[in-house]
Amino acid sequence: MLDPTEFDALVDVVFDRIVDTLDASDADCDIELNQGVLEISCADRSKIIVNRHGPNQEIWVAAKSGGFHFKHQNNEWIDTRSGDTLPTTLNRVVNLQTGQSLKF
C-alpha cells in the first residue's frame with residue numbers, strides 16, 4: 001500500500017494530465033475539480049466523474065459505459081476488473097461521450 005501522501009501526489013498528477021489533455025483538445029466539455037472529484041460535463045449533458053478514493057487507494061471513474069476502479073500497480077493505474085490501464089479507459093469513455101479521440 002502507498003503512503004497516503006504518495007497516493008495523493010500520484011492522483012494529482014493524473015488529474016493534471018486529464019485536465020491538460022482536455023483543455024488542449026477540441027472536445028466540447030467543461031471540467032471542474034472540487035475536493036478530489038474531477039467532473040467532466042460533456043456537450044450531450046452526460047458526465048464523466050473521476051474520483052480519488054483514499055480508503056482503497058483507487059481512482060474511480062464513472063461514465064455512461066459503466067464504473068471502473070483503478071489500483072496503482074507497477075507504475076500504472078490498472079482496472080481491477082478488466083486489467084485495462086486508466087489512459088486506455090479514459091480514451092474510450094471520452095470518445096464515446098464527446099466524439100473526440102484523445103490520448104491521455
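The values are calculated or read from the model by the stated rules, or taken from the named source; none is laboratory data. Predicted model only: the values in this text are computed from it and were never measured. Glycine also receives a Cβ, built like all others from the backbone with ideal geometry; neighbour counts cover every protein chain displayed.
I'd like to check something: does the range 1-9 contain any residue that is closer than 22 Å to N74 by Cβ, in contact (Cβ under 8 Å) with a residue 60 or more places away in the chain and of a type in the set (F, W, Y)?
As a first pass, look at the range 1-9 and keep what is closer than 22 Å to N74 by Cβ: 1-9.
Retained after the next criterion (residues that are in contact (Cβ under 8 Å) with a residue 60 or more places away in the chain): 2, 7.
Then keep just the ones that are of a type in the set (F, W, Y); that gives 7.
Yes: the range 1-9 contains one or more residues that are closer than 22 Å to N74 by Cβ, in contact (Cβ under 8 Å) with a residue 60 or more places away in the chain and of a type in the set (F, W, Y).
Does F104 satisfy being touching a helix residue (DSSP H, G or I) at 6+ places or on another chain (Cβ under 6 Å), surrounded by 15 or more Cβ atoms within 10 Å (Cβ to Cβ), at pLDDT below 95 and not hydroxyl-bearing (S, T, Y)?
Values: touching a helix residue (DSSP H, G or I) at 6+ places or on another chain (Cβ under 6 Å): yes; surrounded by 15 or more Cβ atoms within 10 Å (Cβ to Cβ): yes; at pLDDT below 95: yes; not hydroxyl-bearing (S, T, Y): yes.
Yes; evaluated as a whole, the condition is true for this residue.
Please enumerate the residues belonging to the range 79-101 that are surrounded by fewer than 17 Cβ atoms within 10 Å (Cβ to Cβ) and more than 23 Å from D23 (Cα to Cα).
Of everything in the range 79-101, those that are surrounded by fewer than 17 Cβ atoms within 10 Å (Cβ to Cβ) and more than 23 Å from D23 (Cα to Cα) turn out to be T80, R81, S82, G83, D84.
Matching residues to (1) of a type outside the set (V, I, T); (2) in contact with a Cys (Cβ under 6 Å, 6 or more places away or on another chain):
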position	(1), (2)
D8	yes, no
F15	yes, no
D23	yes, no
D28	yes, no
E32	yes, no
V37	no, no
C42	yes, yes
R45	yes, no
V50	no, no
